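A short worksheet on the structure shown next.
Read-outs throughout are calculated quantities, based only on the coordinates presented, and are distinct from any laboratory measurement. Computed from a predicted model, the values in this text were never measured in an experiment. Methodologically, a virtual Cβ is constructed for each residue, glycine included, from the backbone with ideal geometry; neighbour enumeration extends over all protein chains shown.
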């Protein structure tokens with residue numbers, strides 16, 4: 001066959017074993033944290049009918065869909081997130097026991113302009129709680145998120161929380177009653193960490209036509225420090241004219257009270273500039289930043305979206321969720337030197353004295369594997385020095401050897417390449433020493 | 001927003017938690033088995049440039065690609081298997097240490113006509129060994145496959161092995177020298193388990209124009225019983241005129257000798273009717289059937305493909321691999337009653353005496369989670385009977401309760417819904433009793 005240049009699409013990545021190993025370990029911890037809270041795994045197709053996805057992410061989102069006609073002329077698209085497929089599932093299966101707790105760990109696709117840290121395919125880890133309108137569900141899902149970061153040993157982070165209804169109250173106050181214009185303002189505010197306050201002010205002035213005084217008032221309100229329930233009370237006084245704004249203040253107060261009572265208050269801070277770009281959020285919203293490394297952006301975000309599911313289920317279906325951007329977090333932790341790369345998948349490399357030993361060594365290796373020891377067996381019986389070199393290049397610290405004497409005595413030699421030490425171990429007693437390699 | 005009918009594409013599936021739980025557990029065991037042999041995880045994009053995939057799966061395969069123009073007018077396609085993306089990776093990254101052992105667990109997409117047990121999106125679990133030409137690599141990868149089935153507790157299975165070169169020798173013998181016609185015959189033979197011998201004979205007669213005598217001879221050779229090395233020797237005598245056929249006999253003999261020596265011979269049988277549909281196999285090929293349930297088709301297949309990688313790498317790059325059809329196997333094991341569905345993700349349900357207890361119970365639940373106990377916390381403090389009903393509907397056997405007395409004493413009540421028994425346990429001693437729930 002003719003030569004084909006091996007190349008990958010821009011914005012996509014290969015994860016070679018050295019990186020995929022730690023990434024898998026990370027996903028495993030996320031999964032365990034979700035399950036500890038009673039969240040069950042869901043898997044949905046990569047492809048959906050386009051009509052399921054279109055219109056849920058705003059005009060900008062629609063443009064980023066990988067959408068095409070399939071071989072049967074069906075209009076289909078790759079999933080853009082895990083939330084809308086969940087909404088489809090909740091609408092489609094009437095017999096789910098509510099409240100329904102599910103998590104999904106799966107890639108999503110967005111035809112974004114690739115940039116540093118922004119990819120066209122990336123993994124999402126979502127937990128969502130469906131069917132519970134009370135703010136206890138918001139508190140639970142935030143605690144799930146905090147538990148995930150704890151399980152990943154993320155050193156220092158802060159979850160910043162806001163309520164969309166407070167933003168609506170603020171917009172009532174500064175004079176942006178139109179729903180379309182509100183969305184424009186929220187999207188502009190959402191870009192704050194990326195583009196800075198001046199650019200956001202300019203965008204709002206141009207797009208919505210607010211005068212300088214109104215914009216200053218808007219920013220004074222958004223940047224208000226809310227350190228405790230007292231500050232929320234004062235904000236409530238200011239928003240007294242806006243029913244929706246007051247509902248937001250009440251909701252946020254109740255949420256913070258629960259988090260305090262559960263002993264999680266210290267890791268959560270109110271930040272009224274948190275806006276979230278997606279259209280479907282209705283009240284609580286949160287983002288999570290690495291303290292001192294905010295430049296990486298939010299590594300875990302979510303909120304309550306009480307309208308989205310109704311359109312599939314045909315009945316009021318409250319829901320709240322959180323999404324971990326595991327690839328972004330992995331990139332950040334790797335740059336911070338907090339992720340150990342793992343070169344060898346197995347615990348040890350088994351060298352061959354001669355090719356004729358191969359079949360017997362396979363049998364010995366299987367006995368070691370039964371004790372949980374991962375063993376990579378050499379395929380050739382070349383010079384021992386070369387085999388040891390290969391073991392080192394493959395990242396192994398330990399090698400096994402078995403000569404004629406050892407084979408007769410049913411033992412193996414275990415050599416530590418780091419120290420050079422070696423010792424002879426009985427295979428029948430592997431249960432007693434296996435932990436030295438696997439532990 | 002307007003109501004949208006929640007529906008899924010034909011040939012695609014949702015895995016709800018009850019099924020996805022056991023499926024995840026299965027994938028976890030496969031992963032562990034792969035890693036025990038030193039295979040490292042690889043992840044590649046779902047989308048590839050079409051030119052990477054086209055022409056590798058035969059004309060039929062090309063037609064089944066999900067292929068489209070992306071937003072940047074690039075000709076792209078969803079991956080059809082995990083082998084060609086691996087070949088692309090091996091060609092693209094020149095610094096991989098050989099032999100390179102990798103596994104990949106990921107979905108693939110084929111626009112097949114959906115049928116019972118055949119889907120357009122399905123999970124593949126592949127292990128491949130790249131860079132080793134000796135038959136020891138073939139033996140290793142087959143042992144990996146056998147270890148996977150052992151780890152999954154598959155009750156009774158048989159791996160059937162053949163060598164493409166023997167089939168070539170047989171085709172030499174019966175008079176099909178043309179390469180294109182050989183492929184047609186192999187594809188027809190590959191359908192044997194599905195359509196039966198008569199249909200295959202008819203297809204070969206029509207497509208290749210062999211006379212009845214030649215077809216009878218072909219089938220006599222293919223259905224020859226090969227119970228040991230002696231039978232292979234006799235086959236070799238018959239294929240003496242075909243160099244390629246003899247090479248196949250020698251290779252298969254060597255392979256079986258290693259598997260016998262490694263103690264794995266009993267689970268492997270030679271079957272000369274195994275042909276494998278894909279074009280790229282060059283020598284050893286194998287399929288695996290559930291004994292007594294062959295109708296499910298092969299649950300694990302693979303072989304050696306020494307030409308495929310060269311086209312990306314530009315140098316001879318031998319490779320051998322095996323692929324587990326985990327969804328087909330899961331469907332088979334489920335129908336055979338061998339997979340327990342798992343309803344609740346957590347170990348216990350924590351009931352609330354009142355909503356005011358919620359925040360404190362969250363704190364208690366986190367202490368239990370720190371001991372590995374999965375706890376789903378009730379979100380409402382309604383009647384206890386209703387909460388217990390909900391726990392049962394969610395599949396829980398155990399519930400926790402904490403009244404004022406327990407809270408003051410820092411204890412919880414653990415109730416076993418199966419027996420009705422309940423006891424009071426100290427939270428400070430959770431380490432000593434957690435295993436009762438998690439073990």
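At a 10 Å Cβ-Cβ cut-off, how would you order A:317, A:257, B:288, fewest neighbours first?
If I rank by nearby Cβ atoms, fewest first, I get A:257, A:317, B:288.
Rounded if a/c is under 1.5, else prolate if a/b beats b/c, else oblate: with a ≥ b ≥ c from the C-alpha gyration tensor eigenvalues square-rooted, which is segment A:15-112?
oblate
Suppose each label sits 7 Å from its Cα in the direction of the beta carbon; what would the residue A:179-residue A:306 distance come out to in nanometres?
With each label placed 7 Å out from Cα toward Cβ, I get 1.5 nm.
What Kirkwood hydrodynamic radius, in Å, does segment B:275-397 give when the mean of 1/r is taken over all pairs of distinct Cα atoms and then inverted? Present the calculation step by step, with values, prior to reporting the outcome.
On the way: mean 1/r = 0.0515 Å⁻¹.
Across segment B:275-397, the inverse of the average 1/r is 19.4 Å.
Relative to the present Cα-Cα distance, how much length would full extension add between residue B:60 and residue B:291 at 0.36 nm per residue of separation?
80.2 nm
Beyond 42 Å, how much of the Cα-Cα pair distribution for the protein assembly as shown remains, as a whole percent?
Roughly 41 percent, once rounded to a whole number.
Hey, what did chain A get for relative contact order, percent, Cα under 8 Å, at least 6 apart?
16 percent
Compute the angle between helix A:229-238 and the longest alpha-carbon principal axis of chain A, please, reported from 0 to 90 degrees and rounded to the nearest 10.
40 degrees
Using only atoms on other chains, find how many Cβ atoms lie within 10 Å of each Cβ of peptide A:8-14 and report the average.
6
Please report the Cα spread of segment A:204-346 along all three principal axes, rounded to whole Å, starting with the longest.
65, 42, 40
For residue B:156 and residue B:238, FRET efficiency with R0 = 56 Å and r from the beta-carbon atoms, rounded to 0.05? Present the calculation step by step, with values, prior to reporting the outcome.
Numbers: r = 32 Å, r/R0 = 0.58.
It comes to 0.95.
Viscosity 1.567 mPa s, temperature 4 °C: Stokes-Einstein D of segment B:57-139 from its Kirkwood Cα radius, in µm² per second?
87 µm²/s
Taking the square root of 5 times each eigenvalue of the Cα gyration tensor, what semi-axes in Å does the equivalent ellipsoid of chain B have, largest first?
Numbers: eigenvalues 547, 119, 91 Å².
In descending order, the three semi-axes are 52, 24, 21 Å.
Using a Förster distance of 60 Å, how high is the FRET efficiency between residue A:354 and residue B:118, based on the Cβ-Cβ distance and rounded to 0.05? Display every interim value, and only then the final one.
Working: r = 47 Å, r/R0 = 0.78.
Given R0 = 60 Å and the Cβ-Cβ separation, E is 0.80.
Please report A:143, A:69 as a ranked list, fewest other C-beta atoms within 10 angstrom at the top and most at the bottom.
A:69, A:143
Just from the alpha-carbon atoms, what are the Rg and Dmax of segment A:5-56 in angstroms?
Expressed in Å, the Cα Rg and Dmax of segment A:5-56 come to 16.4, 47.
Once the Cβ-Cβ distance between residue A:69 and residue B:421 is put in as r, and R0 is 60 Å, what FRET efficiency do you end up with, to the nearest 0.05? Display every interim value, and only then the final one.
Details: r = 60 Å, r/R0 = 1.00.
In this case the efficiency is close to 0.50.
Give the distance, in whole Å, between the Cα centre of segment B:14-66 and the Cα centre of segment A:228-290.
43 Å
Using the 7 Å Cα-to-Cβ label point, sort the distances from residue A:431 to its equivalents in the other copies shortest first and give them in nm to one decimal.
2.6
Could you let me know the centre-to-centre spacing of segment B:351-417 and segment A:382-423, using Cα atoms, in angstrom?
Rounded to whole Å, the Cα centres lie 53 Å apart.
Nearest to the axis that maps chain A onto chain B: list the chain A residue whose Cβ wins, with the distance in whole angstrom.
Chain A residue with minimal Cβ-axis distance: A:68, 2.
Mind listing the label-point distances from residue A:263 to the same position on all other copies, shortest first, one decimal in nm, points 7 Å along Cα→Cβ?
Reported distances to equivalent positions: 4.9 nm.
Could I have the simple spin-label model distance between residue A:225 and residue A:315, label points 7 Å from Cα toward Cβ, reported in nm to one decimal?
Using points 7 Å along Cα→Cβ, the separation is 4.8 nm.
Report, to the nearest 10°, how far helix A:83-92 tilts away from the longest principal axis of the Cα atoms in chain A, using its own Cα long axis and a range of 0 to 90°.
Roughly 80 degrees, rounded to the nearest 10.
How long are the three semi-axes of the equivalent ellipsoid for segment B:348-438, computed from the Cα gyration tensor as the root of 5 times each eigenvalue, in whole Å, largest first?
On the way: eigenvalues 64, 50, 29 Å².
The three semi-axes for segment B:348-438 are 18, 16, 12 Å.
If packing is taken as the mean number of other Cβ atoms within 10 Å per residue, what is the order of B:179-188, B:302-311, highest first?
Highest to lowest by the protection proxy: B:302-311, B:179-188.
Roughly speaking, what is the centre-to-centre gap between segment B:106-134 and segment A:82-158 when only Cα atoms are used, to the nearest Å?
Here the answer is 28 Å between Cα centres.
To test your reading of the geometry: what angle, between 0 and 90 degrees and rounded to tens, separates the Cα axis of helix B:17-36 from the longest principal axis of chain B?
60 degrees
Given the options A:250, A:13, A:369, which has the most mean-square fluctuation in a GNM of chain A, springs set between C-alpha atoms less than 10 angstrom apart?
Of A:250, A:13, A:369, the Gaussian network model singles out A:369 as fluctuating most.
Counting other beta carbons within 10 Å of each residue's own, what order do A:294, B:28 fall into, fewest first?
A:294, B:28
Using a label position 7 Å from Cα in the Cα→Cβ direction, what is the ascending list of nm distances from residue A:385 to the same site in the other copies?
So the label point of residue A:385 gives 8.4 nm to the other copies.
Does a label point 7 Å from the Cα of residue A:96, set along Cα-to-beta-carbon, have any residues of segment B:19-41 with amide nitrogen under 15 Å, and which are they?
Counting only backbone N, you get B:19-21.
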